[in-house]
1. For the condition at pLDDT below 90, surrounded by 14 or more Cβ atoms within 10 Å (Cβ to Cβ), under 21 Å from residue 7 (Cα atoms) and touching a strand residue (DSSP E or B) at 6+ places or on another chain (Cβ under 7 Å), what is the one hit in 89, 111, 152?
2. Among the residues of segment 15-55, how many are more than 18 Å from the chain's Cα centre (by Cα) and at positive phi?
3. Can you go through 26, 9 and tell me which one is buried (at least 16 other Cβ atoms within 10 Å of the Cβ) and in contact with a helix residue (DSSP H, G or I) (Cβ under 8 Å, 6 or more places away or on another chain)?
4. Which residues, taken from segment 55-71, are out of contact with any helix residue (DSSP H, G or I) (no Cβ under 9 Å at 6 or more places or on another chain) and under 13 Å from residue 174 (Cβ atoms)?
5. Is there any pair with a first residue in segment 147-165 that is free of Cβ contacts under 8 Å to residues at least 40 places away in the same chain and a second that is surrounded by fewer than 20 Cβ atoms within 10 Å (Cβ to Cβ) and part of a strand (DSSP E or B) whose Cβ atoms are under 7 Å apart and which are 6 or more apart or on different chains, and what are they?
6. Please state which of the following conditions residue 78 fails to meet, knowing it meets all the rest: (1) within 13 Å of residue 167 (Cβ to Cβ); (2) modelled with pLDDT of 95 or more; (3) in contact with a helix residue (DSSP H, G or I) (Cβ under 6 Å, 6 or more places away or on another chain).
7. Are any residues in segment 190-219 within 26 Å of residue 22 (Cα to Cα), free of Cβ contacts under 8 Å to residues at least 60 places away in the same chain and in contact with a helix residue (DSSP H, G or I) (Cβ under 9 Å, 6 or more places away or on another chain), and if so, which ones?
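The values are calculated or read from the model by the stated rules, or taken from the named source; none is laboratory data. These numbers were taken from a predicted model, which means no experiment stands behind them. Note that we place each Cβ from the backbone using ideal geometry, even for glycine, and neighbour counts take in every protein chain shown.
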């Protein structure tokens, strides 16, 4: 791997040609990033033989969805200054114009997002159960009308020091031994932007620069 100071981590499971398209697009639009693909315990790995030789593939026994892949990569590749975390099905279609190739302002947080509010019901109840009696207890006390930024597809770009601030969303799952489901992954999407706000990030939407392909995965 080249000596670059930025890393793109791509999560995948049972990859299709979409993974190859995403890798190619990252190399085209973000050449200043090294690339690591984290495979979350695939049963179908044939597509990996087509991955370019300068891309590292990590075969992780990850059962914790995207955040599990992000944590795995961040722990192993901890020396980069900037990290891009994206699903394999979130393919770049253009370069983010404000993302300078050489300078990344501290406390900047790019995400594929939209604005909404919490609502009463099952989602809020699940969040309360997950985060109450943890160091993120304040998340269990959110009012349903709280405005939030949904971090869609659990994908984001930020500086090294800010990564742990976001990834701590998964700590209560490990602490309480909660087996994560697709619903839990969606809950991470709903509250990721809250932590970005708590840590006073400058939040930028990058959704116009990526296309999402729904692969209908339910692992």
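1. On the way: 89 fails: at pLDDT below 90; 111 fails: at pLDDT below 90.
The match here is 152.
2. The qualifying residues number 0.
3. On the way: 26 fails: in contact with a helix residue (DSSP H, G or I) (Cβ under 8 Å, 6 or more places away or on another chain).
After ruling out the rest, the residue left standing is 9.
4. Correct list: 63 only.
5. The qualifying pairs are 147/115; 147/117.
6. (3)
7. 218
Quick grid of which residues meet (1) over 16 Å from the mean Cα position of the chain (by Cα); (2) assigned by TED's automatic domain parsing to the domain that holds residue 138; (3) surrounded by 13 or more Cβ atoms within 10 Å (Cβ to Cβ):
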| site | (1), (2), (3) |
| --- | --- |
| 170 | no, yes, yes |
| 174 | yes, yes, no |
| 177 | yes, yes, no |
| 182 | no, yes, no |
| 187 | no, yes, yes |
| 191 | no, yes, yes |
| 196 | no, yes, yes |
| 200 | yes, yes, no |
